[in-house]
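See below for the structure under consideration.
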Amino acid sequence: MDARRAAELVIRNSYGRLVAYLAVRSHDVAAAEDALGDALVAALKTWPIQGLPANPEAWLLVTARRRLLDASRHSRVRAAATPALEQIARDLQTAPDMETPFPDERLKLLFICAHPTIDPAIRTPLMLQTVLGFTAADIAAAFLVSSATMGQRLVRAKSKIRDAGIPFELPAIARLPSRLEAVLEAIYAAYNRGWDSFGGADVAPVALADEAIWLARLCVELLPQAAEARGLLALMLYCEARHLARRSPTGAYVPLSQQNTALWSVPLLQEAEDQLLRASRLKQLGRFQLEAAIQSVHAQRASVGVTDWQALVQLYSGLVQIAPTLGAWVGRAAAIAQAYSPTQGLEALDNLPLNKIKTYQPYWALRGHLLAEVQQCDEARACYSQAIELSTDAAVRRFLTEQMAEC
Amino acid sequence: MQYAIMVYESEQEFAKRNDATHQEAYWGAYQAYSQALAAAGVAAGGTALHPPHTSTTLWLEEGHRKVQDGPYADTKEQLGGMFIVEVPNLDVALDWAARCPAASTGRVEVRPLLPMNAG
């Protein structure tokens, strides 16, 4: 195996672990990334000549650690600014040797990325960069901003992490649930970003849905007793299982209720069921488990052929109690319409605050659909056209345009 | 690490300082807060400021001094003073900031101090 390929393999498997280890010891994420980058360059120079080291990962770690120490010694500002520098230098020097595996600090890194003092909008990009090693350009493309803007935001967030004294420790038990929720929300945001770009004109170069699932698996692995981490993993697996059924062979949008269940992935559904079951055994009900349970009810259509809408009304009613998001309220209204009547569904929609729903596409799509069912065609068309305007996905726009033409 | 816990208050809050009915409660709350900081061993300095109408803003334009009556930024809440605390990290600083009276009556900003080289 040549040096480049070996370096690539180590990086793919260990990037986040290496950055996390170095960041936790230097209290500086950007410096840890730079040092690892330097170590990689050194590896590509040295390995082809001296041959592959016995433990390439440890070689990179030791080299990066040396760079970090040099960098912190040379930085006079840092020397003045951090009385803890001595301690950091000691920590770096007493790092494990080549033989013993180094500790996995990625969980600390995830908690730092989603710290309450970090802007929620930059938490997901931070995770993608520090834990998964994506470049600012890749992340920028997925978030539809310029590469320079994304780069700037990432740099600013990392200097806040370094200079504001955000602790590089796991949160105290009392804070853990709310801190974990922030981590899971940032991961879910990555997943939704992946869905949004599905089949659209702006296909993200980064398979964000896969990466989000990978991050959730990591959380489950590192915090096996956290029910909500399993809940989120289950939720995303349920959605991912339907991936192929979301578009017809001609690329047309297929709503959930009309999807061909034979196209749903059985292994993914089974894994989702399994995770949800394990989560429920931990007896800490939460938002993500409820959302996963909702998906589980939908998934049962594959085996029993019908959807239990009354169960969905109950689950959504529970969800709006603990996480009253607009999506949950609109989902509840849709379930009520199916379980009881379109009129009752419309009544549930009427209670939502107008200033919030104005730009919320699912509200207008559902309202249009329900109004069409009760033959209020003019109003239905107005809602559909509002929904079409708010849709970013061309296939969804086509679907809604057809619906509008039928009423 | 040292942090400045900066107190931002509205005009009505500033007025309580000299208002017979609110004075005692106002200063009492800040005194209790100062004492709590001292008792926990985290107090590292700080000061109260006179209200913003006593402020003057100054800058140079082509070498000439320009002076303007009032604070620099014209915002609803103005800096009323600050506490300096010495704590292990931002989480602890935020816990102390949350206990500051201004967290309930106005806004509190927390920012790390930047130590400068003495030499």
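Applied to the stretch B:2-19, the Karplus parametrisation 6.51 cos²θ - 1.76 cosθ + 1.60 on θ = phi - 60° returns per-residue 3J(HN,Hα) values of 9, 10, 8, 9, 9, 9, 10, 10, 7, 4, 5, 5, 4, 5, 5, 4, 10, 8 Hz, with x for Gly and Pro. Rounded to the nearest 500, the helix-only mean residue ellipticity at 222 nm of chain A stands at -22500 deg cm²/dmol, with each DSSP H run of n ≥ 4 adding -39,500 (n - 2.57).
Positive-end ranking of A:GLN375, A:ALA252, A:GLN275 along the dipole of chain A, with charges on Cβ about the Cα centre, is headed by A:GLN275. P(r) of chain B in 10 Å steps, Cα pairs, percent per bin? Each 10 Å bin holds this share of Cα pairs: 12, 38, 30, 15, 4.
Using just the C-alpha positions of the stretch A:251-371 as equal point scatterers, what log10 of I(q)/I(0) does the Debye formula give at each q in 0.17 1/Å? Result of the Debye calculation: -0.95. Axis of helix A:56-74 versus longest Cα principal axis of chain A: the two differ by about 70°, to the nearest ten degrees.
Listed by Cβ neighbour count within 10 Å, with the fewest neighbours leading, A:THR130, A:THR392 appear as A:THR392, A:THR130.
Taking the longest Cα principal axis of chain A as reference, the axis of helix A:3-26 is set at about 90 degrees. Each Cα pair under 8 Å and six or more residues apart adds its sequence gap; the mean of these over the residue count of the stretch A:324-407 is a relative contact order of 23 percent. Once the Cα atoms are used to define both axes, helix A:147-163 deviates from the longest principal axis of chain A by about 60 degrees.
Structural size metrics of the protein assembly as shown, computed from C-alpha coordinates, are Rg and Dmax of 27.8, 83 Å.
Only Lys, Arg, Asp and Glu carry charge here, each on its Cβ (+1 for the first two, -1 for the last two); on that basis the protein assembly as shown has a dipole of about 720 debye about its Cα centre. Residues B:LEU90, A:LEU22, A:LEU277, arranged from fewest to most other Cβ atoms within 10 angstrom of their Cβ, appear as A:LEU277, B:LEU90, A:LEU22. So what's the gap between the Cα centers of the stretch B:48-67 and the stretch A:274-347, to the nearest angstrom? Spelled out, the Cα-based centre of one part sits 60 Å from the other. Among A:LEU223, A:LEU233, B:TYR26, flag the residue with its Cα farthest along the positive direction of the charge dipole of the protein assembly as shown, charges on Cβ as +1 for Lys/Arg and -1 for Asp/Glu. Checking the options against the dipole of the protein assembly as shown, the answer is A:LEU223. Between the amide H of A:PHE143 and any residue lying 5 or more places away or on another chain, no distance stays under 5 Å, with hydrogens modeled in the peptide plane.
Based on Cα contacts under 8 Å between residues 6+ apart, chain A shows a relative contact order of 10 percent. Radius of gyration over Kirkwood radius for the stretch A:324-407, both on Cα atoms: the Rg/Rh ratio is 0.94. Evaluating 6.51 cos²θ - 1.76 cosθ + 1.60 at θ = phi - 60° for every residue in the stretch A:122-132, the Karplus couplings come out as 9, 5, 5, x, 4, 5, 4, 7, 7, 8, 9 Hz, glycine and proline recorded as x. Where the centre of each part is set by its Cα atoms, how far does the stretch A:350-407 sit from the stretch A:3-80, in angstrom? If we compute the Cα centre of each part, the gap is 53 Å. Placing +1 on the Cβ of every Lys and Arg and -1 on the Cβ of every Asp and Glu, with no other charges, gives the stretch B:11-119 a dipole of roughly 120 debye about its Cα centre. In order along the stretch B:100-113, phi translates into HN-Hα couplings of 5, x, 5, 5, 8, 9, x, 9, 10, 10, 10, 9, x, 6 Hz, rounded to whole numbers, per the Karplus curve 6.51 cos²θ - 1.76 cosθ + 1.60 with θ = phi - 60° and x for Gly and Pro.
What's the center-to-center distance, using Cα atoms, between the stretch B:73-103 and the stretch A:158-180 in Å? Taking the Cα centre of the stretch A:158-180 as reference, the centre of the stretch B:73-103 is 18 Å away.
Coordinate-derived values only; no laboratory data. The model shown is predicted, which means the values in this text are computed figures rather than measured ones. As a convention, Cβ positions derive from the backbone with ideal geometry for all residues, glycine included, and neighbour counts pool all protein chains shown.
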